[in-house]
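Quick note: the coordinates plus some simple rules give every number you see, no bench work behind them. None of these values were measured; they are calculated from a predicted model. Glycine also receives a Cβ, built like all others from the backbone with ideal geometry; neighbour counts cover every protein chain displayed.
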Amino acid sequence: MAQTALWQACPVASIYSLILFDLDGTLVDPAGAITGGISAALRSHDLPVPDDAVLDAMVGPPLVHSLTGLAAVPEPLIDHVVATYRAGYVATGIHRSRPYPGIARCVQALADDGAVVAVATQKPEWLAEELLSAQRLRHLFASVHGSPRNESVATGGKTPIIRAALERHAPVLEQAGPQQAVMIGDRSHDVEGAHANGVPCIGVAWGFAARGELEDAGADAVVHSAEELLEVLRGGL
């Protein structure tokens, strides 16, 4: 079905009052900005670069955790590697990223339905704001929730970030009920963080999850396009 036809064929409003979106791999395709930036940062500090599969797995989780756990960066070098990566990402990576096909229209349609739409990402909150603004998406979201600027103090994965978003929009859920919130993401930690907060999670297959990752994590549904996502959100799980 063509995109315009689907938008016209789904006049029913979303059944969810609060819809939380992950950022990289869900709303925005980093287009190699993250994996390429990590590779460049590691090389600049004379550190080995993991293979492509490992680099892809580093998109989504907290960068500090990925560098120590997947890239085996020595603890004394972590802050230096992160600073090098962030400088390159701000300079060029933000502008290499692109919204996934149809996702902006999907978010706009949900907002037009009356849903509160927000972002919940592991990316540092200030950087998420920069990325959304650069991609001309910021106006679509009621709020943005992410990791603290000092990434080394971020703990708890996605769970506290989703909790912060739920608390920020508690008045909406008090009226509609907590079951009226849903998380949208592309990795297992999105599913786990949502479920830890009593919220269902819809996985998107266009991101960075390995085959079967979302299903194994217990995603309540997995969709393959922005059009299908809108249809599921309007029809319920």
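Things worth noting here:
- With the convex hull of the Cα atoms taken as the outline of region 33-96, the averaged projected area works out to 3.8 nm².
- Pairwise centroid distance, computed over Cα atoms, of region 158-188 with region 201-233, Å: 18
- Listed candidates (1) 18.6; (2) 18.0; (3) 20.0 - label of the one calculated as Kirkwood radius over Cα pairs in Å: (2)
- For region 13-30 versus region 46-117, the gap between their alpha-carbon centres in whole angstrom: 16
- Gain upon complete extension [R98, A176; 0.36 nm per residue less C-alpha separation]: 24.7 nm
- Computed from the C-beta positions of A196 and S143 and an R0 of 25 Å, the FRET efficiency is 0.80 to the nearest 0.05.
- Electrostatic dipole magnitude of region 33-96 [Cβ: Lys, Arg +1; Asp, Glu -1; Cα centre; debye, to 20]: 240
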